[in-house]
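The values are calculated or read from the model by the stated rules, or taken from the named source; none is laboratory data. Since the model is a prediction, treat every value here as computed from it, not as a measurement. Backbone-built Cβ (ideal geometry, glycine too); neighbour counts: all protein chains shown. Note: areas computed on protein heavy atoms with side chains; ligands, DNA, RNA excluded. Shrake-Rupley method; radii C 1.70, N 1.55, O 1.52, S 1.80 Å.
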Amino acid sequence: TLFPIPLAMSCSWDLDMIERSARIAAIEAGADGICWTFSPMVDICKDARWGRVAEGSGEDPYLGAEIARAMVRGYQGDSLLNSDEIMACVKHFALYSAAEAGRDYNRVDMSRNRMFNEYFLPYQAAVEAGASSVMSSFNDINGIPATADRWLLTDLLRGQWGFSGFVV
């Protein structure tokens, strides 16, 4: 089944429809033996030059958080024990879309205050909704590769937010 791109779905503000689209995707994927999806992409995009704008929900952290919750619920269902429930993978943790001049795989130089106020809410919402996996971003944050950032992956994600799944 084809659905509108994530950016277009976000424009509807129809969270029930967005959750249903993820539920349908999970049912169809599960029927083919697929048990994991690299979705939802919850990066907040404030620079239209970034090439992956269409994969996310736009620039509003509140809307992004609500959509993240809906998609995780839709994919994972109630237990992840049924063949029509697939594991969600929240991506790209974190700040992948905040790279300078919209360049992929680039650096991000940002205060923690701005991270929490403008970018982190959708990631946190997905974790609170029970996302089972998180994909690390491909950039460096304040000079540290996101894939090796102890504060980001251990102190924040696992410690402060209580994430117990796995990071890919």
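Seen against the Cα atoms of the chain and their longest principal axis, helix 15-31 is set at about 70 degrees. Using Cβ point charges alone (K and R +1, D and E -1), the dipole size of the stretch 75-152 about the Cα centre works out to roughly 320 debye.
Between Asn139 and Ala146, the built amide H atoms are under 5 Å apart, and every one of these is 5 or more places off in sequence or on another chain.
In a reduced charge model with +1 at each Lys and Arg Cβ and -1 at each Asp and Glu Cβ, the stretch 17-76 shows a dipole moment near 60 debye about its Cα centre. Between Ala25, Ala8, Trp151, the Cα set farthest toward the positive side of the dipole of the chain (charges on each charged residue's Cβ, about the Cα centre) is that of Trp151.
Mean-square fluctuations from a GNM of the chain, with a 10 angstrom spring cutoff on Cα atoms, peak among Arg69, Arg112, Arg158 at Arg112. When nucleic acids and ligands are ignored and a 1.4 Å probe is applied, Thr1 ends up with an accessible area of around 110 Å². Taking mean projected area of the Cα convex hull in nm² straight from the coordinates, which label in [x] 11.5; [y] 10.3; [z] 8.9 is the correct one? Among [x] 11.5; [y] 10.3; [z] 8.9, the one calculated here is [z].
Counting only Cβ charges, +1 for Lys and Arg and -1 for Asp and Glu, the dipole size of the chain around its Cα centre is about 360 debye. 222 nm [θ] for the chain, helices only, -39500 (n - 2.57) per DSSP H run of 4+, per residue, to 500? Computed ellipticity for the chain at 222 nm equals -9000 deg cm²/dmol. Ordering Lys46, Lys91 by accessible surface, largest first, gives Lys46, Lys91; the 1.4 Å probe counts only protein heavy atoms, with every chain in place.
Heavy atoms of the protein chains alone define the surface here; on that basis the stretch 8-106 has 46 Å² accessible area per residue at 1.4 Å probe size.
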